[in-house]
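Here, each number is a calculation from the coordinates, and none is a lab measurement. Values in this document were obtained by computation on a predicted structure and should not be read as measured data. For neighbour counting, all protein chains shown are included, and Cβ atoms are generated from backbone atoms with ideal geometry for every residue, glycine included.
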């Protein structure tokens, strides 16, 4: 009941000074917690919610957005990443999808808590800092498309995707016909997860 009241207060309050003052009183010593840590009492642990710190309001939006760049591959296009389903953990129907990759090539989805934009292989790594592989690898179909459903209940992910967290996703794929490094990457996808 108290947490529900706090959600209403924080969401209804347009003064960031009010929210900042309330959050500062609950910090863990090295930083103020995010709005969600404040509301939920940081019961999920620091690794899962610190990603939401950059914009706590975005974490409440439960949406996705593309960012970064995809460089052209051997098809002449850049590989594009997206998602179907919802970012709601309870709904459990979030699926990553890619298009415009080379046909019938091995690839791997990976994710991390930070965005980036660093040259890597024949493309750009759109995930900065720590990143995690989403095994197993997948193979693109005859059209250069691939997908990976993330089951929040049964998948053994190396870093938990929890309500209130923001994660950045990308697809790495082999592309020997392009020359160069022989691999490329999609653009990036930011996803804000909610209950």
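Things to note:
- Residue order, fewest to most surrounding Cβ atoms within 10 angstrom, among 87, 139, 64: 139, 64, 87
- Full-stretch length increase - residue 132, residue 80 - with 0.36 nm per residue and alpha-carbon distance subtracted: 16.8 nm
- Working value for the stretch 64-192: equivalent-ellipsoid semi-axes of 24, 15, 12 Å, each the square root of 5 times a Cα gyration tensor eigenvalue, largest first.
- The label point for residue 117 and the one for residue 65, both projected 7 Å from the Cα toward the Cβ, are 1.3 nm apart.
- The label-point distance for residue 139 and residue 154, in a model that sets each label 7 Å from Cα toward Cβ, rounds to 2.3 nm.
- FRET efficiency, 1/(1 + (r/R0)^6) with R0 35 Å, evaluated for residue 181 and residue 93 via beta carbons: 0.50
- Among 162, 189, 104, 157, sorting on how many other beta-carbon atoms sit within 10 Å of each Cβ, with the fewest leading, yields 104, 157, 162, 189.
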